[in-house]
1. So how do B:8, A:79 line up by other beta-carbon neighbours within 10 Å, fewest first?
2. With each run of n ≥ 4 DSSP H residues scored as -39500 (n - 2.57), what mean residue ellipticity at 222 nm is computed for chain B after dividing by its residue count and rounding to the nearest 500 deg cm²/dmol?
3. Would you tell me the mean number of C-beta atoms belonging to other protein chains that fall within 10 Å of each C-beta in A:113-126, as a whole number?
4. State the residue of chain B whose Cβ is nearest the axis carrying B onto A, and the distance in whole angstrom.
5. I want the antiparallel fraction of DSSP beta bridges within the range A:3-99, as a percent rounded to 5.
6. How far, in nm to one decimal, is residue B:120 from itself in the other copies if the label point is set 7 angstrom along Cα toward Cβ? Shortest first, please.
7. Every other copy gets compared here: list the nm distances from the residue B:99 label point (7 Å along Cα to Cβ) to its counterparts, shortest first, one decimal.
8. Sort shortest first the distances from residue B:7 to its counterpart in every other copy, using label points 7 Å along the Cα-to-beta-carbon line, and give them in nm.
């Protein structure tokens, strides 16, 4: 372990480590239940906007632009707490949410388990994405 | 949304989407408490070994080799369930653990919160990493 690693791990400076695309992974976790809702990516501007507004903003890799979660569906994520890991290359957003967070209609993007080499649905949809996204 | 996206999101085939380095992000979450312990990466071989052995194996990006979590510290992760997200580019391992999971001595790698542009420790160390790693 280098001195540099020790500094990053023990320090009180927030120095997020962005990848080669200038992004950092961010896990949205339900602040109340602990359920992991989704994983997305943030650039520096997304982090700044999230902190300034109190609502999660990500950077969409597919659309290559900032994306305030819920801007179309109305399913915003109110950020209660932001955590960073030891080497500062991953964030957790502890969020309060009102409805399903996955664009498929599920509460969480993680609605399938891997079992015996196949997938098994472990959750049902709890909103109709066609209605939620018709504004777009 | 393309037909291909729909197929990936609704299907029962486990087709993990690896990044340009042939890796997929994996979140280790305490199966009992819901606490997020760490985020690491897996290649296909790591996934296969995890499924075969029932214990989490990752691919270390810094060491560029397979890494059975706890092989040095003894702090193994027994995998109770593996989940995959809608676009199959991220995994959750729901794990049972006996002791701290971060090499710094904390239970979780996420032991600091971001507050007012600085970091704040929100957890204390619960084991001595110098003792745990002296075998290496």
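1. B:8, A:79
2. Calculated mean residue ellipticity at 222 nm is -4000 deg cm²/dmol.
3. Per residue, the average neighbour count from other chains is 4.
4. Taking Cβ atoms only, the nearest residue and its distance are B:34, 1.
5. 75
6. Ordered by distance, the counterparts are at 4.2 nm.
7. 4.8
8. Spacings between copies for this position, smallest first, are 5.0 nm.
Read the figures in this text as sums done on the coordinates, not as results from a lab. On a predicted model such as this, the values are computed, not experimentally measured, just so you know. Positions of Cβ are generated from backbone atoms using ideal geometry, with glycine treated the same way; all protein chains shown enter the neighbour counts.
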